[in-house]
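Working notes, beginning with the structure itself.
The values are calculated or read from the model by the stated rules, or taken from the named source; none is laboratory data. It should be emphasised that the depicted structure is a prediction, and the values quoted were computed from it without experimental measurement. Heads up, the Cβs are rebuilt from the backbone with ideal geometry, glycines too, and the neighbour counts pull from every protein chain shown. Each accessible area value is taken on the protein alone, full model and side chains, heavy atoms only, with ligands, DNA and RNA left out. Shrake-Rupley method; radii C 1.70, N 1.55, O 1.52, S 1.80 Å.
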Amino acid sequence: MSQVVISGFSFSYAGSDRAALQDVSLEVEPGEFVVLAGVSGSGKSTLLRAVSGLVPHFHGGTVSGRVSVGEIDTREHSPGDLAAQVASLFQDPETQIVMGTVRAELAFPLENQGWSEAAVARAVEETALALGIDGLLDRSTAELSGGELQRVALGATLAGRPSVVCLDEPTSQLDPVAGDELIGLLRRLNEDLELTVLLAEHRLERCLGVADRVVGLDSGSVVFDGDPTSFLGWAVKAAPALATPGARLLAGAGLRPVPGVRRARLAMRERGALRVDCSLSGRSAPQTNNGRKEALKVDRVWHEIRNGPAILRDLSLEAKPGERIALMGRNGAGKSTLLRHAAGLLKPTRGSIKTPGRVALLLQNPNDYLVHEHVSQEAPAPALERFHLNHVSQRHPRDLSGGERQRLALAIVLGDPADPPAVLCLDEPTRGMDRRVKDELADLLKGLEITLIVATHDPEFAALFADRVILLGAGRIIADGSPLEILAGGTYFATETARILDGAALTPDQGLELLRRQEVPA
């Protein structure tokens, strides 16, 4: 018997002139791990909301067809009735946190279901250990970073051991280490408990290797349904924006795309295309801009919490005019705190920060910037056009997809293109963005004649726009160099192409150029 059955389901949000889902029919078996793939606005989030019952009970709108979970019709039962079977984690974890401490947050859904005190305590402890948040249990939820909030919200989602879990970009705010750990945890729960997983994700290279099945969506319709290997072959030809970097590298080398670094390396080794000469990779130090006055100077800055840890520790850096810096590191390393200091939202406990002009800052939650009834009221028309938002100018900002809201917030912060800030700081600007839009954003950032400091967990994005990468650890700079020096040699903070090609290149285009220069047969 199928766990989830969707039959001829169509849905339109109230006030929208186009359907978010159109005649969708799917069956998901118990214990399947299904990845939903599609560009922003393709219907992934809406499909997850339909399975959890939030569509149509919470969002309203026009609906036809049927969705059932474990033989429970979602149109006839409220999300509360479905909560014991279906748990959901959506793009904005801060909107799902309701309690004052992490321990209370994890316990809250279990207490609502009437679990005993001992059972709640055991489940909270096991969940915290599994997600690596046991050190946060007694922390205030108001003090957590975006990535920490993401893991706490996921913990509250999984603590009650639901039959089906719907996850919308669950790794969007997690560092590469935590993101991989999360996907691994989901797969382990999927295998051990026969947990049915529906996962919407843009960074497909992170999850296709563990998926049983991929469902591709476009404009609210199912356009692909099959195994991950077949999906990559289809995506390279029919939907390039969904093809992973590894798939593009393999296809460009004349090989069949396969999911996962290990399988990709094996495919290239069998063709003699794996061993590339790193001397051809163009390793170089970052641009120093000698003789040019710094656009931002951070001088021995400390940020210390009273009766708590130091978030920044004697940190110093200089950003030159026009530099494009990717700021990377684990959750809690101090990236967001450093950006807040640069923009003047925080004052150093010790040390100083100097900048000759205005510093603009976009924080992690785009909803904080949306205050009007229509998109057209939020930002100047040229800014909306720059971020491809003209077609939604009359919609309510909070009805946009996660990627669209992120782009709108960026348009608001950047403002009129004719009057840019001297320094632009962005905190995880690609959250909720598909690969095509991220590529466009990278091109846009490279075209801005201002200093950029971008905190990101996405090495693929950093490789596209940055000319310098700074890696933070425990509030200190632990590495500072060119993208190839920082993003090529490791595992977690490396691009998929770098991991396949032993660090010789960062992007598929660079990798293919190296292969061509060495006359490797394709």
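Sort out which residues of the stretch 479-501 are among the aromatic types (F, W, Y) and either in a helix (DSSP H, G or I) or closer than 24 Å to A319 by Cβ (or both), and write them in order of number.
Step one: filter the stretch 479-501 for residues among the aromatic types (F, W, Y), giving 492-493.
Hit for the stretch 479-501 is F493, nothing else.
Quick one: in the stretch 497-508, which of the residues that are surrounded by 24 or more Cβ atoms within 10 Å (Cβ to Cβ) and out of contact with any Lys or Arg (no Cβ under 9 Å at 6 or more places or on another chain) is nearest to R436 (Cα to Cα)?
So in the stretch 497-508, the residues surrounded by 24 or more Cβ atoms within 10 Å (Cβ to Cβ) come out as 497-498, 500-501, 504-506, 508.
Then drop every residue that is not out of contact with any Lys or Arg (no Cβ under 9 Å at 6 or more places or on another chain), which leaves 498, 504-506.
Details: A498: 20, A504: 24, A505: 21, L506: 17 Å.
Among residues in the stretch 497-508 that are surrounded by 24 or more Cβ atoms within 10 Å (Cβ to Cβ) and out of contact with any Lys or Arg (no Cβ under 9 Å at 6 or more places or on another chain), the one nearest to R436 (Cα to Cα) is L506.
Got a sec? Which of T101, T127 is farther than 17 Å from G160 by Cβ and of a type in the set (V, I, T)? Before you say what the answer is, go through the steps one by one.
Numbers: T127 fails: farther than 17 Å from G160 by Cβ.
Of the residues listed, the single one that is farther than 17 Å from G160 by Cβ and of a type in the set (V, I, T) is T101.
Give the number of residues within the stretch 431-442 that are open to solvent by 10 Å² or more (accessible area, probe 1.4 Å) and modelled with pLDDT of 85 or more.
The total comes to 4.
Quick check on this structure: which one of L445, L484, L514, L408 is over 30 Å from P259 (Cβ atoms) and buried (at least 16 other Cβ atoms within 10 Å of the Cβ)? Steps first, answer last, please.
Working: L445 fails: over 30 Å from P259 (Cβ atoms); L484 fails: over 30 Å from P259 (Cβ atoms); L514 fails: over 30 Å from P259 (Cβ atoms).
It is L408.
How many residues does the stretch 70-92 hold that are under 22 Å from G216 (Cβ atoms) and not hydroxyl-bearing (S, T, Y)?
Start the filter on the stretch 70-92 by keeping residues that are under 22 Å from G216 (Cβ atoms), which leaves 88-91.
From the residues that got through so far, the ones that are not hydroxyl-bearing (S, T, Y) too are 89-91.
Number satisfying all stated conditions: 3.
I'd like the full set of residues that are closer than 17 Å to A84 by Cα and either open to solvent by 60 Å² or more (accessible area, probe 1.4 Å) or of a type in the set (G, A, S) (or both), limited to the stretch 104-126.
A107, F108, E111, N112, Q113, G114, W115, S116, A119, A123
Here is a yes/no grid of residues against (1) among the polar types (S, T, N, Q); (2) part of a helix (DSSP H, G or I); (3) touching a Leu at 6+ places or on another chain (Cβ under 7 Å):
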position	(1), (2), (3)
E94	no, yes, yes
I97	no, no, yes
E111	no, yes, no
A118	no, yes, no
V124	no, yes, yes
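Taking the conditions exactly as written (polar (S, T, N, Q) and open to solvent by less than 10 Å² (accessible area, probe 1.4 Å)), does T491 satisfy them or not? Outline the logic, then answer.
Working: polar (S, T, N, Q): yes; open to solvent by less than 10 Å² (accessible area, probe 1.4 Å): no.
In short, no.
Go through the stretch 449-472 residue by residue and tally those that are in a strand (DSSP E or B) and either without any contact (Cβ under 8 Å) to a residue 40 or more places away in the chain or open to solvent by less than 20 Å² (accessible area, probe 1.4 Å) (or both).
First pass over the stretch 449-472, keeping only residues in a strand (DSSP E or B): 451-455, 468-472.
Then drop every residue that is not either without any contact (Cβ under 8 Å) to a residue 40 or more places away in the chain or open to solvent by less than 20 Å² (accessible area, probe 1.4 Å) (or both), which leaves 451-455, 469-470, 472.
Residues meeting the conditions: 8.
With the condition being open to solvent by 10 Å² or more (accessible area, probe 1.4 Å) and basic (K, R), I'd like the strands (runs of 3 or more DSSP E) fully within the stretch 194-254 carrying at least 1 qualifying residues.
Details: elements: 196-200, 213-218, 221-226.
The qualifying strands (runs of 3 or more DSSP E) are 213-218.
Are any residues in the stretch 215-241 of a type in the set (A, V, I, L, M, F, W, C) and farther than 19 Å from Q22 by Cβ, and if so, which ones? Can you show your working first?
Kept after step one, since they are of a type in the set (A, V, I, L, M, F, W, C), are these residues of the stretch 215-241: 215, 217, 222-224, 231-232, 234-236, 238-239, 241.
Scanning the stretch 215-241 gives F231, L232, W234, A235, V236, A241.
Is it fair to say R269 is surrounded by fewer than 17 Cβ atoms within 10 Å (Cβ to Cβ), over 28 Å from C166 (Cα atoms) and either among the charged types (D, E, K, R) or modelled with pLDDT of 95 or more (or both)?
On the way: surrounded by fewer than 17 Cβ atoms within 10 Å (Cβ to Cβ): yes; over 28 Å from C166 (Cα atoms): yes; either among the charged types (D, E, K, R) or modelled with pLDDT of 95 or more (or both): yes.
Yes; evaluated as a whole, the condition is true for this residue.
What's the number of the condition I311 fails, among (1) surrounded by 14 or more Cβ atoms within 10 Å (Cβ to Cβ); (2) in contact with a strand residue (DSSP E or B) (Cβ under 9 Å, 6 or more places away or on another chain); (3) modelled with pLDDT under 90?
Here I311 clears every test but (3).
Go through (1) modelled with pLDDT of 95 or more; (2) touching a strand residue (DSSP E or B) at 6+ places or on another chain (Cβ under 7 Å); (3) in a helix (DSSP H, G or I) one by one and return the number of the condition L410 breaks.
(1)
Given (1) out of contact with any helix residue (DSSP H, G or I) (no Cβ under 6 Å at 6 or more places or on another chain); (2) in contact (Cβ under 8 Å) with a residue 24 or more places away in the chain, identify the lone condition not met by G135.
Among (1) out of contact with any helix residue (DSSP H, G or I) (no Cβ under 6 Å at 6 or more places or on another chain); (2) in contact (Cβ under 8 Å) with a residue 24 or more places away in the chain, the lone unmet condition for G135 is (2).
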